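Notes to accompany the following structure.
The values are calculated or read from the model by the stated rules, or taken from the named source; none is laboratory data. This is a predicted model, so every value here is computed, not measured. All Cβ positions, glycine included, derive from the backbone under ideal geometry; neighbour counts span all protein chains shown.
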Amino acid sequence: MTTVKEIPAFQLETIYRVMLKRIAKGYNAEQLTFLMGAAPGYVRDVEALEKPFYSSDDLDSIARALEESNSQSFFPLKDDESLLNISFHHNRHAGKDIYNYYRTDEQGEDEEMYAVKEDVAPDFDEIPGSEKSYELAKEAVHLLIRAGYFFEAKLPYEIFHALNRFLGYHLSPFVLHLALIRFCENDEHNEGLRMVGSADNQCRYEECQ
């Protein structure tokens, strides 16, 4: 997969910094997208230069999802607005996703700017203890529903951090997402949730009234 785009230098470095921080937390692009309440594929598409750069609200949400105290830490020290002609390449090899950003100069020569590797996201059955974590997440969400936590709509990262504090156990965002989907299903025997908002206005979860 290859994308070519003209982008300000500071935006490219910010995208790179966000990638490093999410990978350091152990989150893939889809998990961070879920925690933000954004549309599926959003973070992946920004990183691949297929969508416009993050808004300031996006960066605030990313900072909260990654438990960064200040979204300004994503920005380079120098606000370089010079335009770069960048090509993005994504390959998969030996269980790794490999991302490369190349700058093409006026002579048509490519210079590698950034290279990032991360483990390919495992399937649910490949995650150690996934079934136990899923049942734990469902039970915890059910208790929060009964306690009135979802009376006001909550963003995914708010739920994620609340559950981790409540359980004293670090859940995978993927497992929590599956649990929330379960409570959003129509089931007359299930105390349910519903998803509100939109991809443009962050999706939240609230109890069904």
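For the condition closer than 16 Å to F174 by Cα and in contact with a Leu (Cβ under 7 Å, 6 or more places away or on another chain), what is the one hit in A65, A38, A29?
Unique residue meeting the criteria: A65.
Determine if region 95-113 includes at least one residue that is in contact with a strand residue (DSSP E or B) (Cβ under 6 Å, 6 or more places away or on another chain) and of a type in the set (S, T, N, Q). Yes, region 95-113 has at least one match. Filter region 139-171 for residues that are aliphatic (A, V, I, L, M) and without any contact (Cβ under 8 Å) to a residue 24 or more places away in the chain; which is surrounded by the most Cβ atoms within 10 Å (Cβ to Cβ)? The residue in question is L144.
Note on region 1-109: enclosed helices (runs of 4 or more DSSP H) holding 1 or more residues that are surrounded by fewer than 20 Cβ atoms within 10 Å (Cβ to Cβ) and more than 14 Å from the chain's Cα centre (by Cα) are 9-24, 56-65.
Taken as a whole, region 78-98 holds at least one residue that is aromatic (F, W, Y) and at pLDDT 90 or above. Assess whether H161 counts as being outside any loop (DSSP other than H, G, I, E, B) and either closer than 15 Å to E207 by Cα or of a type in the set (S, T, N, Q) (or both). For H161, the condition - outside any loop (DSSP other than H, G, I, E, B) and either closer than 15 Å to E207 by Cα or of a type in the set (S, T, N, Q) (or both) - is not met. Here is a check on your reading of the model: is E152 farther than 30 Å from H93 by Cβ, at pLDDT 90 or above and outside the structural domain of S61 (by TED's automatic domain parsing)? When the stated conditions are applied, E152 passes them.
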